[in-house]
1. Determine which member of the set Val322, Val252 is within 17 Å of the chain's Cα centre (by Cα), surrounded by 17 or more Cβ atoms within 10 Å (Cβ to Cβ) and either part of a helix (DSSP H, G or I) or among the acidic types (Asp, Glu) (or both).
2. Restricting attention to segment 1-27, and to residues there that are closer than 20 Å to Asp145 by Cα and surrounded by fewer than 16 Cβ atoms within 10 Å (Cβ to Cβ), which single residue is modelled with the lowest pLDDT?
3. Among the residues of segment 180-216, which ones are modelled with pLDDT of 90 or more and either of a type in the set (S, T, N, Q) or more than 21 Å from Ala246 (Cβ to Cβ) (or both)?
4. Under 9 Å by Cβ, and 6 or more places apart or on different chains, what pairs join a residue from segment 179-190 that is under 18 Å from Tyr201 (Cβ atoms) with one that is of a type outside the set (Val, Ile, Thr) and surrounded by fewer than 13 Cβ atoms within 10 Å (Cβ to Cβ)?
5. Can you tell me which of Arg171, Arg229, Arg250 is outside the structural domain of Gly294 (by TED's automatic domain parsing) and basic (Lys, Arg)?
6. So which of Ala141, Ala115 is free of Cβ contacts under 8 Å to residues at least 24 places away in the same chain and either surrounded by fewer than 13 Cβ atoms within 10 Å (Cβ to Cβ) or more than 25 Å from Ala46 (Cβ to Cβ) (or both)?
7. Can you say whether Gly219 is modelled with pLDDT of 90 or more, in the same structural domain as Ala305 (by TED's automatic domain parsing), touching a Lys or Arg at 6+ places or on another chain (Cβ under 7 Å) and assigned to a loop (DSSP other than H, G, I, E, B), as far as the supplied structure shows?
8. Select, from Ser257, Ser243, Ser251, Ser208, the only residue that is out of contact with any helix residue (DSSP H, G or I) (no Cβ under 6 Å at 6 or more places or on another chain) and of a type in the set (Ser, Thr, Tyr).
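The values are calculated or read from the model by the stated rules, or taken from the named source; none is laboratory data. Keep in mind the model is a prediction, meaning the values are calculated, not measured. Cβ placement follows ideal geometry from the backbone for every residue including glycine, while neighbour counts extend to all protein chains displayed.
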Amino acid sequence: MLGLMPAHVASPPQLVLVVGAEELLVDRAVARVVAARRAADPETEARDLMPGSFSAGTFAELVSPSLFGESRVVVVRSAQDLAAEDVTMLTSALGELADEITLVVVHNGGVKGKALLTAVEKAGAARVDVAKVTKPTERIAFLRDEFKAAKRQITEEAARALLDAVGNELRELAAAAAQLIADTAEDGKAPIDETVVAKYYSGRAEVSGFTVADLAVDGRTAQALEQLRWALATGTAPVLITSALAAGVRSVARVASAPRGARPADLARDLGMPPWKIDKVRQQVRGWTPDGIGTALLAVAEADAAVKGGGDDPAYALERCVVTVCQARGQGARG
């Protein structure tokens, strides 16, 4: 199955369909496709296209043969939200992809855009189904798998304690697991138990990364910086904050690209979000433009690289990121 495809595979299929609404797992499935391409050609370029910023001309250029035969992975996100003319452009290209191109179409699996999903399948796409993680037992299993992948173990009680401390968002759980694994590396193969989780996470729930992210997405610079500093002072891991910022900005991007008149219940089904979150993000969307969203996503990516070892001062990188995200709200809007 492609979803389990190891990175050393020479090359993925030219057409891949990723179906599911669990963002982190979808991103990982896409990353495996890119990694497989880069294993064969390290210079492979990866390009993302989303509804609202999908350009027929750009897409046609990206999936056409290049003069020098450069390897490329083109990822079309939230394909169920594409405009009719963009769907036509995409489907017309399915049987004409150049050998050096891999096209990845990401669909949330709902009823919306079902005709496109069917067309991609009929074109011979390798399909990757991403299951939605909804139950506590599934999140516990997810945590165990995160530690297993790092050749570490976590006890059932510790996994439950970590879930209680961090919350249900998979990005936050994955970031917390990575932080624990890194912070306890000197312990070798010793299992992580409740004592270890309590040491790192007791008293850290006062300010979460999502508190900071919500304020930043709302453009409230002073409050976001204040909460960021308090979160860092009380021990919130920087990777949890960048993860929350990424989730916040991407939620805005997804809701912003959805039809304006859609009901919250329909959007919840199509986007894989609970209705209460749709209502919340709809309030946050006001003031955001495609240019601003692009600027914010780039700032979060740079901060994420910095806090994971690419920079000397994670706190400064986070402050700069928060300021940029706040300022990006309204970027390109007409006064």
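1. From the options Val322, Val252, the qualifying one is Val252.
2. This residue is Met1.
3. Matches in segment 180-216: Ile192 only.
4. Thr184/Ala190
5. The match here is Arg171.
6. Ala141
7. yes
8. Answer to the selection: Ser208.
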